[in-house]
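The values are calculated or read from the model by the stated rules, or taken from the named source; none is laboratory data. All figures in this text were calculated on a predicted structure; none of them were measured in a lab. In this analysis, Cβ positions are derived from the backbone assuming ideal geometry, glycine residues included, and neighbour counts consider all displayed protein chains. When the accessible area is computed, the model is the full protein with side chains, heavy atoms only, and any ligands, DNA or RNA have been set aside. Shrake-Rupley method; radii C 1.70, N 1.55, O 1.52, S 1.80 Å.
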Amino acid sequence: LIGTLSFGSRNRDQFNEAELEFFRKIALFVQLAEERFLLGRKIRSEEEKYRLLFHQMAHGVIYRNSEGKVVSVNPAAQQILGKAPEDLLGKTSEIYSEHPIINESGIPVPFLETPPMTSLRTGRKVSNKILAVFNQKESRYRWLKLSSIPFFHTDENTPSGVFTQFEDISDRKEAEETVKLLTKAFEAAGNGIAITDRNGNIVWVNPAFSQLTGYDSKELEGANTRLLKSEETPKALFDDLWNTILSGEKWQGELVNKRKDGSLFNEEMTITPVRADGSTITHFIAVKEDITNRRKREEELLKLNRALNALGHTSQALMHATDETQYLSEVCNIIIQDCGYLLTWIGFAGQDEAKSVLPVASAGLDG
């Protein structure tokens, strides 16, 4: 029931059947007219909703007819493409005549192979296609993720149009390219690089890290850095390391770690905390350099310098010595002081059959 329709007469108390039938037809006509009016109002209301949605969407939306001509385009699409409505409406491939659409390999894509035209040709949906379209206003390509859906009229097998929705993913794409570049740089680095979580569990290593430790990447990923720990590094140094990086500071120092084969190596390491959201530490980046050979050369050089000092001092002692015993005692003291040994003694071979050695001078532990 949507309402009532009333009739009255001054001359009669009732109406005949023909008049009543006429009134019923009038009422039906009014009812149909009202229902049509209500339906039209509902349709206009829905159209307004879709129009507002179409114009306010952050994603670009373009509707093309069966010929591929642009029929409607929302403001987001205009902004992403850098074109005014008059540059788009009624156009097909000429939109991209100056600068071709390119794929992720940088190869131009023919217009007939783009998502909307593919969808029109096949009558099927095309989803999440990544392409780059030139933005005229910005004079640069923008990377888009596009999906096209064909539109069919009732009882028709051929699309009468196609809706294409696209999202500007340029910032994400540039970030991905930056990550790829950094990954390649890390992989090519001569120093070992590892990324760990906050607890020291390894997330990623570069080839140099695997070469340094003897473990391949699959063995290392998910393992804790304690895997490399040796007994040669004092606990106090590890405590200082963790206290420093967990406070958000960078740590630099030297460790003696252990390879997969059990051999030890000296490394110079820098650990930098990573703050994912600018405040919370989520990961650490460790850069390691094998300094084992450097340390061996430094030790050899130190021993050589000590030996040279000892030779110089023994020459001076010889010049001032008054007897052999005094000189030999002085030599023992020089070796203790210059070379860092705990005990030094000098002996001469005896004349007995056993050729025993008789000490004549000493310095060190026994005083």
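Observations
- Residues that are in a strand (DSSP E or B) and either farther than 20 Å from Asn128 by Cα or among the small types (Gly, Ala, Ser) (or both) were ranked within the range 57-89; the one that is nearest to the chain's Cα centre (by Cα) is Gly60.
- Residue count for the range 190-216 under the criterion of being open to solvent by less than 50 Å² (accessible area, probe 1.4 Å) and either within 21 Å of Gly106 (Cβ to Cβ) or touching a residue at least 40 places away in the same chain (Cβ under 8 Å) (or both): the result is 12.
- Considered as a group, the residues in the range 90-128 that are open to solvent by less than 60 Å² (accessible area, probe 1.4 Å), outside any loop (DSSP other than H, G, I, E, B) and of a type in the set (A, V, I, L, M) include one that is nearest to Ser148 (Cα to Cα), and that residue is Val126.
- In the range 320-367, residue nearest to the chain's Cα centre (by Cα) [restricted to those that are at pLDDT 75 or above and of a type in the set (Asp, Glu)]: Asp338
- The condition of being surrounded by fewer than 11 Cβ atoms within 10 Å (Cβ to Cβ) and either over 30 Å from Leu241 (Cβ atoms) or in contact with a Leu (Cβ under 7 Å, 6 or more places away or on another chain) (or both) holds for only one of Thr322, Thr344, Thr314, that being Thr322.
- Helices (runs of 4 or more DSSP H) lying entirely in the range 178-258 (those with 1 or more residues that are of a type outside the set (Phe, Trp, Tyr) and closer than 21 Å to Ala276 by Cα): 235-246
- Qualifying residue in the range 135-145 (condition: open to solvent by less than 80 Å² (accessible area, probe 1.4 Å), out of contact with any Leu (no Cβ under 8 Å at 6 or more places or on another chain), of a type outside the set (D, E, K, R) and closer than 21 Å to Leu112 by Cβ): yes
- Candidates in the range 245-254 are the residues that are in contact (Cβ under 8 Å) with a residue 24 or more places away in the chain and touching a strand residue (DSSP E or B) at 6+ places or on another chain (Cβ under 6 Å); of these, the one that is nearest to Gly192 (Cα to Cα) is Glu254.
- If you filter the range 280-305 down to residues that are open to solvent by less than 90 Å² (accessible area, probe 1.4 Å) and assigned to a helix (DSSP H, G or I), you find that the one that is farthest from Trp204 (Cα to Cα) is Asn305.
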